[in-house]
Amino acid sequence: MRFLNLFKLLIITTFVMMTIAAAVVVGGYFYLNPKLPSIEGLSNVQLQVPLRIYSSDGALMGEFGEKRRTPKKLEEVPDLMKKAFLSAEDNRFFEHPGVDYQGILRAVINLVKTGERGQGGSTITMQLARNFYLTSEKTYLRKLNEILLALKIERELDKEKILELYLNKIYLGNRSYGVAAAAQIYYGADLDELSLAQTAMIAGLPKAPSTYNPIVNPERATIRRNYVLSRMFKLGFINTEKFEENKNAAVTAKRHRSALGVYAPYVNEMARTEIVKLFGDEAYVRGLKVYTTINKRLQRAANDSVWNGLVAYDRRHGYRGVIRHVELNSGNNPGADEDAEDASEVAGKLVGKSDLLSILKDDNNYGRFVPALILSVNDETSDVVAKDKQVDASDASQDQRSATALLKDGSQIRVPWSGIKWAREYVSVNRMGKELQKVSDVIKPGDVVWLAQDPVSGWSLAQIPQPQAALVSVKPNTGAIQALIGGFNFEHSKFNRVVQAKRQAGSGFKPVVYAAALDKKYTPASLINDAPVVFKDSALEGTWRPENYSGKTFGPTRLRKALYKSRNLVSIRVLRSIGLKHATQYAQNFGLNKSELRYDLSLALGSTELSPLQMSRIYSVFANGGYLTEPYLIQRIEDADGSTLYEADPVVACTSCVIKEQTREEQKRAERQYLQLRDSQQQWSTEIVDSEVLVKLPKQAERTLEPRLAFQMNSILQDVVLRGTARRALALGRKDLAGKTGTTNDQHDAWFNGYNPDLVTTTWMGFDQHKSLGNKETAARAALPIWIDYMKVALAGKPERQLVRPDGLVTMKINAETGLAATDADTNTVFEIFRKENAPAPDLGNAAPVEAPVSGGDANAIPEQLF
């Protein structure tokens, strides 16, 4: 009887407790449910995706944002990846209603047994709820909220959508959110390129992304990976063979950056700045895709040409020394006569004593340069080389002189004599030490140095160049920037010299002055005296005695020759003749503001400070036949869903098409007419069709140079390449190239502004500190080679193009000395092009040079022999 009473009491107590528990649950539900966040819109949630910058041809150039994420549709995620996550996190995902009561029961039993709260019972849906709406703190209240939210989510979304959101939302360490980002960061691969072991490694990360990070903690990560593999095996997702094979697989994870299609950090920063101005900080999480005008192939060529140009300059001026020196072993220092085998033995001994690799642990790569520790040097030469120095020059492979170096990855490499012998001592910008005879003249064991590797010539000694360089390349007809590099290495100098540096333009500005002269009735045949001149001008700080670069004078000189030979004294006389007021006003036709121009005669020599981007705009006017276009970088901005938020609408120089002049109001009127016509389904009239077509055509750029004048200037600038200061560009084997070199006082700046009708490219080299590049470092030696290397790639396979010759020009044979029409008696003659109304008369007497031409003109003609 007593037992029966106790049993009844137990039944009643249990019932009461269950009633209380049910009341608590129901009460908690009614208390918490109104406070739960709304999950409306979860199915269309905007995941935080970084800002991404692309080239015009779709190559990723960079991304900005704290969270690395690449959202994927569920069908884009490999089946094996889904099964791995289900095995690790929630194998009953497709069976429970969002809450796995079996898991919760296990967690309760653990609490009763241990008295501690632990993980357990968190389904994928519950984790999703926590990631979107809750914190990660372990409290009973948060767990209850998590359960209620999971149930709510399951009522609103199907299982597939929940799994898709989870696989894109979950944090997986190293700033990666979602499985696609994790695959890229840990393995540099797309999802479908991962092995089973790699897939399991990623699936094991949600439990503790830091603890199981395979990069920093490969041992614990392997344990977790193998747990995931065992779960997959137990659930029948993989067979025994796959399980055994992959649980013993090596850990291959390492830190990967986004797989960039092209390296363009200066472009990325320019684009990022503009996008943040438009969208604010939201730009970093909204998933914007910014498509620039950059051409991937040309940007790579720009990177190579600037790098190689600066390295070549630096080698011409000598080696400034090693990074530092460390004592490898005071008792046994590898000497100059150690061979490679001895060096390896010594290195092996030293590693055990002082850990040579630790010497390089704080030295990071500098662009394409890698730090290295010199282990030994070999100064011995072969008998053939010793007897015949010509062999050394023609067959470096017979020279045994070399150095053995240790890289950060532990590998040892041989640096041949051909990669060392350039490193004569740097004495000053104009002087180097004597030629090297042996390796130990420049490096010795224990030196930490920079090395560079060439795919053809192998390893070589290197150093970080002291000057800087910049390159910008644009389409002259639209202003679309095709390539841009603002310095030697962005990570170490983010100053963008293409847009932020204002440097004296040097002789590169002379074409602006000469174009203004042609507008004032000069002709290419006008004679100007190339003779010494002295000015007293308070604006020029007293007496000014300008000179030609050569220090020589050449007497009466035709205007064409004066420009392609870059005669300073002629340029000054031309500017004085046409007047500063006219010259500065005319410069506005090239997009320049009068306020930024020097208002004295030094303007003729390029004393005005301009950026490389401004120079490229100036030369675009010459290249496109006289139209003023605006350089631009951003072509299109897309939102995360692919919708277009912005599309560039540049003005276009249309020299080969006919576009009727029309105002913006006329364009809108034509569009309205078209829409009305479409809605009424009327028969199209020719007039309306024409209007509709015109609406779709681009806006026409303003033509700021008279067509014949532009053609004439192009002709003269082609002579700069054919017979002037840029003759090195003839190496490209083209006849459609034009441009102008520019070298400032004491070689502080070296420029080349060159083009053909399809592409304008400006290159600049100089020190940020405004000091001399060296006596011999003219534009033709410092800046022009960079331009040539770039244009060799940019114009490869492109047909030659000449500007269309406008009407109203005549080609005449003239006397090369007088500039007048040639007679039958003249023997020194050349062809010149004039505007028809300004063609010169025959020379009836002795012609004297003039300051302003009597019968000048706006000529536009290329001598026939130039074609």
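The values are calculated or read from the model by the stated rules, or taken from the named source; none is laboratory data. As the structure is a computational prediction, the values presented were derived from the model and not from experiment. Cβ placement follows ideal geometry from the backbone for every residue including glycine, while neighbour counts extend to all protein chains displayed. We work out accessible area using only protein heavy atoms, side chains counted, and drop any ligands, DNA or RNA first. Shrake-Rupley method; radii C 1.70, N 1.55, O 1.52, S 1.80 Å.
Per-residue answers, yes or no, for (1) out of contact with any strand residue (DSSP E or B) (no Cβ under 8 Å at 6 or more places or on another chain); (2) of a type outside the set (S, T, Y):
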residue: T553; (1), (2): no, no
residue: A562; (1), (2): no, yes
residue: N589; (1), (2): no, yes
residue: Y599; (1), (2): yes, no
residue: G626; (1), (2): no, yes
residue: L633; (1), (2): no, yes
Inset, instruction - State which residue pairs qualify: first residue closer than 16 Å to A623 by Cβ and open to solvent by 10 Å² or more (accessible area, probe 1.4 Å) and inside the range 468-490, second residue of a type outside the set (F, W, Y) and outside any loop (DSSP other than H, G, I, E, B) in any location, beta carbons under 7 Å apart, and separation of 6 or more residues or different chains. - result: K475/Q482; K475/L759; N477/V652; T478/V652; Q482/L298; Q482/S473; Q482/V474; Q482/L759
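A quick yes/no check of all residues on (1) touching a helix residue (DSSP H, G or I) at 6+ places or on another chain (Cβ under 7 Å); (2) among the hydrophobic types (A, V, I, L, M, F, W, C):
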site: D746; (1), (2): no, no
site: T761; (1), (2): yes, no
site: M765; (1), (2): yes, yes
site: A816; (1), (2): no, yes
Inset, instruction - Could you name every one of the helices (runs of 4 or more DSSP H) located completely within the range 524-589 that has at least 1 residues being of a type in the set (A, V, I, L, M, F, W, C), open to solvent by 10 Å² or more (accessible area, probe 1.4 Å) and more than 23 Å from M812 (Cβ to Cβ)? - result: 568-578, 580-586
Inset, instruction - Return a yes/no flag: does the range 489-499 have any residue that is of a type in the set (D, E, K, R) and farther than 28 Å from D57 by Cα. - result: no
Inset, instruction - Would you point out the residue of the range 474-503, among those that are among the small types (G, A, S) and touching a helix residue (DSSP H, G or I) at 6+ places or on another chain (Cβ under 6 Å), that is farthest from H325 (Cα to Cα)? - result: A483
Legend entry - Cross-chain or 6+ apart pairs with Cβ under 7 Å, the range 250-268 first and within 11 Å of I53 (Cβ to Cβ) and in contact (Cβ under 8 Å) with a residue 60 or more places away in the chain, then open to solvent by less than 70 Å² (accessible area, probe 1.4 Å) and polar (S, T, N, Q): S258/Q184; G261/S55; V262/S55; V262/Q299; A264/Q299; V267/T292
Legend entry - Check on Y599, closer than 30 Å to R497 by Cβ, surrounded by fewer than 22 Cβ atoms within 10 Å (Cβ to Cβ) and within 38 Å of the chain's Cα centre (by Cα): yes
Inset, instruction - Could you check, for the range 351-370, whether at least one of its residues is touching a Phe, Trp or Tyr at 6+ places or on another chain (Cβ under 6 Å), open to solvent by less than 50 Å² (accessible area, probe 1.4 Å), farther than 16 Å from L451 by Cβ and at pLDDT 50 or above? - result: no
Legend entry - Residue within the range 619-641 that is exposed (fewer than 13 other Cβ atoms within 10 Å of the Cβ), assigned to a loop (DSSP other than H, G, I, E, B) and either at positive phi or modelled with pLDDT under 95 (or both) present: yes
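Condition check ((1) open to solvent by less than 40 Å² (accessible area, probe 1.4 Å); (2) closer than 22 Å to D362 by Cα) across all residues:
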position	(1), (2)
R401	yes, no
K421	no, no
V427	no, no
Q437	no, no
V442	yes, no
V448	yes, yes
V456	no, no
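Residue-wise test of (1) basic (K, R); (2) farther than 30 Å from N226 by Cα; (3) at pLDDT 75 or above.
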{"site": "P37", "(1), (2), (3)": "no, yes, no"}
{"site": "L42", "(1), (2), (3)": "no, yes, no"}
{"site": "E63", "(1), (2), (3)": "no, yes, yes"}
{"site": "R68", "(1), (2), (3)": "yes, no, yes"}
{"site": "K82", "(1), (2), (3)": "yes, no, yes"}
{"site": "H96", "(1), (2), (3)": "no, no, yes"}
{"site": "D100", "(1), (2), (3)": "no, no, yes"}
{"site": "G103", "(1), (2), (3)": "no, no, no"}
Legend entry - Members of the range 692-727 found to be modelled with pLDDT under 95, in a helix (DSSP H, G or I) and not β-branched (V, I, T), listed by number: E692, L694, K696
Legend entry - Subset of the range 284-307 [over 30 Å from G797 (Cα atoms) and either open to solvent by less than 40 Å² (accessible area, probe 1.4 Å) or free of Cβ contacts under 8 Å to residues at least 40 places away in the same chain (or both)]: G287, L288
Legend entry - Filtered residue count, the range 217-260, keeping only those that are touching a helix residue (DSSP H, G or I) at 6+ places or on another chain (Cβ under 6 Å) and within 30 Å of L633 (Cβ to Cβ): 1
Legend entry - Test: V498 is assigned to a loop (DSSP other than H, G, I, E, B), surrounded by 24 or more Cβ atoms within 10 Å (Cβ to Cβ) and among the aliphatic types (A, V, I, L, M): yes
Legend entry - In the range 507-523, residue least open to solvent (accessible area, probe 1.4 Å) [restricted to those that are of a type in the set (D, E, K, R) and at pLDDT 90 or above]: K510
Inset, instruction - Could you check how many residues of the range 642-676 are at pLDDT 95 or above and of a type in the set (F, W, Y)? - result: 1
Inset, instruction - Those residues that are open to solvent by less than 40 Å² (accessible area, probe 1.4 Å) and either without any contact (Cβ under 8 Å) to a residue 40 or more places away in the chain or aliphatic (A, V, I, L, M) (or both), I need them from the range 80-99; list them, please. - result: M81, A84, L86, A88, D90, H96, V99
Legend entry - Listing of helices (runs of 4 or more DSSP H) fully contained in the range 177-283 that carry 1 or more residues being open to solvent by 60 Å² or more (accessible area, probe 1.4 Å) and under 30 Å from R300 (Cα atoms): 265-279
Inset, instruction - Report, by residue number, each residue of the range 598-618 that is touching a residue at least 24 places away in the same chain (Cβ under 8 Å) and part of a loop (DSSP other than H, G, I, E, B). - result: Y599, D600, G606, S607, T608, S611
